[in-house]
Amino acid sequence: MLASEIQSAIETKLKEVAAQRGFATYQGDCCEELERRVAELVQQKFCLLTSSGSSAMEIALRATGIRTGDEVLLSAYDYPGNFWAIERCAARPTLVDVATNSWSLDINKLESALEASPNCKVAIVSHLHGQLQNIPKLRSLFQSRNIRLIEDCCQVIGASQVTDANEGTQESIVGCLADFTILSFGGSKVLSAGRGGALLCSSEELAQKSKIAAGAGSGPYGLSEIQAALVLAQLPFLTRMNELCRDFFDELRTFMEEDSTNHGWIFPVDLQGREAKTGIYQFGLLLQNTDRTLESVLDSASHRLGIGTGFPGFHRRSKRRCHLPIALSATSGIAARTAVIHHRTALDEQITTSQMAEHLGQLLLK
């Protein structure tokens, strides 16, 4: 069983670090090796290990040189910590709507939002619930306006996507095209050290600015040697974990679509198409019936099976705290209808896909 293999690898690595007294160092062999291997994984040149994905985001924002009053573009449906990171840098979030039945930015509305946001200096783009954003297209749009791109890959580490290019299709690692790429090794992520994260880039200038923003001395935002060892122990299993998750949720989608009683759920993630090689931290699905709330649908059994709700969205945030250049017509509905299934449900082998499909179907019959 994969879980027992990972546990054994972790215990072996921790014993090795303890024997070498690595726990008593700020920066040791494990940190150096993890920096190198994560940079290779994401195909970025520089890697800075951090205490969390949120701290990596804040460092990246400061390294771009944003000042008080500058605007940072952010999806109106996103991880709340990204909104707070912008505020901590004294910048102003500029919110953009998501597409219909999606957790990705509505590219058709994006240009209008940018036209109304002349002070926008940075854009944060997150891959959520297994769905991949169209980074090549977004990157081209941002570059034409001299806007830095920070790509939040905390939920999709190890993912790749096939995109259209001038000479046909090409596959690229998710995170390799951004000015900054953010990863998380938080307590429930696919690669977890309880806490931790990483900031990656390929610009020597931005890498140096990141180090300055992260602070001197012992590094207040740093990752410990023990935490680095934990992530290193899990890293060889990443490809298998991602594959097992994709197989589980693709099979779940098939079960749901074949059962006529389960048509109350929408599956926006296409695991046979552009998300065929995605990473999954929390797999997303949408409640189709807008007359019901997720709170009324989910029960105690759902929570035991790793099923919960998504993010609340920012559509209710005060205009004093953010810029709203366009209407957020889709975000409120997406936030109210998003359910997520934790990746551990797929990896721990405690439930089959047919049993999960049956449970999701029964929830709609209550």
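The values are calculated or read from the model by the stated rules, or taken from the named source; none is laboratory data. This one's a predicted model, so the numbers in the text were calculated from it and none came from an experiment. No Cβ is skipped: glycine too gets one built from the backbone with ideal geometry, and neighbour counts run over all protein chains shown. For the accessible areas, the whole protein counts, side chains as well, though only heavy atoms, and no ligand, DNA or RNA atoms are used. Shrake-Rupley method; radii C 1.70, N 1.55, O 1.52, S 1.80 Å.
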**Asked** Could you count how many residues in region 85-109 are crowded, with 22+ Cβ neighbours inside 10 Å and under 10 Å from ILE326 (Cα atoms)?
**Response** 4
**Message:** For the condition of a type outside the set (D, E, K, R), open to solvent by 10 Å² or more (accessible area, probe 1.4 Å) and under 28 Å from VAL17 (Cβ atoms), what is the one hit in GLY187, GLY273, GLY197?
**Reply:** GLY187
**Residues (within 17 Å of the chain's Cα centre (by Cα) and surrounded by fewer than 23 Cβ atoms within 10 Å (Cβ to Cβ)) located in region 59-84** = TYR79, PRO80, GLY81, PHE83, TRP84
**Request:** Go through (1) free of Cβ contacts under 8 Å to residues at least 40 places away in the same chain; (2) under 30 Å from ILE334 (Cα atoms) one by one and return the number of the condition GLY215 breaks.
**Result:** (2)
**Item:** Criterion violated by PHE255 - all others in (1) touching a Ser or Thr at 6+ places or on another chain (Cβ under 9 Å); (2) closer than 25 Å to LYS189 by Cβ; (3) open to solvent by 30 Å² or more (accessible area, probe 1.4 Å) satisfied
**Value:** (2)
**Fill in**
Selection from region 214-252 of residues out of contact with any Leu (no Cβ under 7 Å at 6 or more places or on another chain), of a type in the set (A, V, I, L, M) and either within 22 Å of LEU14 (Cβ to Cβ) or open to solvent by less than 30 Å² (accessible area, probe 1.4 Å) (or both) yields ILE226, LEU230, ALA233, LEU252
**Request:** Output the qualifying pairs, or none if there are none: Cβ atoms under 7 angstrom, residues six or more apart or on different chains, first residue in region 115-130 and closer than 16 Å to SER144 by Cα and touching a residue at least 12 places away in the same chain (Cβ under 8 Å), second residue in a loop (DSSP other than H, G, I, E, B) and of a type in the set (Lys, Arg).
**Result:** none
**Complete:** Of all strands (runs of 3 or more DSSP E) fully inside region 155-214, the set with 1 or more residues that are in contact with a Phe, Trp or Tyr (Cβ under 9 Å, 6 or more places away or on another chain) is 180-184, 197-201
**Prompt:** Of PRO220, PRO268, which residue is more than 19 Å from the chain's Cα centre (by Cα), of a type outside the set (Lys, Arg) and not in a helix (DSSP H, G or I)?
**Reply:** PRO220
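From the list ARG274, ARG253, pick out the single residue that is under 28 Å from VAL340 (Cβ atoms) and free of Cβ contacts under 8 Å to residues at least 40 places away in the same chain.
So the residue among ARG274, ARG253 that is under 28 Å from VAL340 (Cβ atoms) and free of Cβ contacts under 8 Å to residues at least 40 places away in the same chain is ARG253.
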**Complete:** Flagged in region 116-133 as more than 26 Å from SER210 (Cβ to Cβ) and either at pLDDT below 95 or part of a loop (DSSP other than H, G, I, E, B) (or both), in numbering order, are ALA116, PRO118, HIS129, GLY130
**Prompt:** Any idea which of GLU205, GLU167 is open to solvent by 10 Å² or more (accessible area, probe 1.4 Å), at pLDDT below 95 and more than 16 Å from GLU40 (Cβ to Cβ)?
**Reply:** GLU167
**Asked** Got at least one residue in region 59-77 being modelled with pLDDT under 95 and small (Gly, Ala, Ser)?
**Response** yes
**Asked** Restricting to region 342-363, what's the tally of residues that are farther than 30 Å from ARG240 by Cβ and in a strand (DSSP E or B)?
**Response** 0
**Request:** Please go through region 64-111 and pick out each residue that is more than 20 Å from ALA335 (Cα to Cα), touching a strand residue (DSSP E or B) at 6+ places or on another chain (Cβ under 8 Å) and assigned to a helix (DSSP H, G or I).
**Result:** ILE86, GLU87
**Asked** Do you know which residues across region 16-51 are within 27 Å of the chain's Cα centre (by Cα) and surrounded by fewer than 19 Cβ atoms within 10 Å (Cβ to Cβ)?
**Response** GLN27, GLU32, GLU33, ARG36, ARG37, GLU40, GLN43, LYS45, PHE46
